């Protein structure tokens, strides 16, 4: 694991303007994430963890403070440059899978490569390789409706990996899965972490968080806990 931070957050605030006035969601958040870390973010509903993940994913901008991704300070980047940095650096995994229902699994996995202007033949080859990587190579031409929820999440992980990102952001990746299938997905995340990919995931499940090596807990828009997990102590 490199000591160079892939994520650097300093004194970050996020405030939304509402009809009732300013509504602060994140308050003076500070966090550094080194390349190769595996972090779980927890906290009750409304604690700010989802907003924080949106900021980390360059889907929302902070109101104040510093956010640097892979050495680039995000604040002043134009939208098109920000989109390129996001597509090159981050792979996203969502609770609801977010697969396009009328596209084959291979075409779903290849979508980030379309946005990156990768040639069609290479897109097809890399998408099939990623599906094989998650154990679904034989289903490349199937539709999402033809496979199980756990398999759909594997496809979503393949899509997150296809652009060879340095960072995976996962929002409740096991939330729609039964415990056995969720455990299999977390074993896949552990394997990806061993390969050197940085993983930051949001979860409400302590059992899922236990797979990470570091736990960050939010409450009322602030980080109130940041510590190594039991797995980190025995690793």
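Within the stretch 81-107, residues that are touching a residue at least 60 places away in the same chain (Cβ under 8 Å) and on the phi < 0 side of the Ramachandran plot have Cβ atoms under 8 Å from residues that are part of a helix (DSSP H, G or I) and surrounded by fewer than 18 Cβ atoms within 10 Å (Cβ to Cβ) in these pairs: 87/115, counting only partners at least 6 apart in sequence or on another chain.
Is it true that residue 81 is within 11 Å of residue 162 (Cβ to Cβ) and either in contact with a strand residue (DSSP E or B) (Cβ under 9 Å, 6 or more places away or on another chain) or assigned to a helix (DSSP H, G or I) (or both)?
Numbers: within 11 Å of residue 162 (Cβ to Cβ): no; either in contact with a strand residue (DSSP E or B) (Cβ under 9 Å, 6 or more places away or on another chain) or assigned to a helix (DSSP H, G or I) (or both): yes.
Criteria not met by residue 81.
For the stretch 43-55, give me each residue that is under 14 Å from the mean Cα position of the chain (by Cα) and crowded, with 21+ Cβ neighbours inside 10 Å.
First, pick out the residues of the stretch 43-55 that are under 14 Å from the mean Cα position of the chain (by Cα): 49-55.
Answer for the stretch 43-55, where residues must be under 14 Å from the mean Cα position of the chain (by Cα) and crowded, with 21+ Cβ neighbours inside 10 Å: 49, 52, 55.
Restricting 222, 217, 228 to those that are touching a helix residue (DSSP H, G or I) at 6+ places or on another chain (Cβ under 9 Å) and surrounded by fewer than 21 Cβ atoms within 10 Å (Cβ to Cβ) reduces the list to 217. In this structure, residue 131 does satisfy being closer than 21 Å to residue 184 by Cα and touching a helix residue (DSSP H, G or I) at 6+ places or on another chain (Cβ under 6 Å). A single member of 96, 91 is in a loop (DSSP other than H, G, I, E, B) and within 18 Å of the chain's Cα centre (by Cα), and it is 96.
Can you find even one residue in the stretch 63-76 that is over 25 Å from residue 216 (Cβ atoms) and surrounded by fewer than 17 Cβ atoms within 10 Å (Cβ to Cβ)? Yes, the stretch 63-76 has at least one match.
Any read-out appearing in this document is the output of simple, stated calculations on the displayed coordinates, not a laboratory observation. These figures come from a predicted structure and were not determined experimentally. We place every Cβ from the backbone using ideal geometry, glycine too, and count neighbours over all the protein chains shown.
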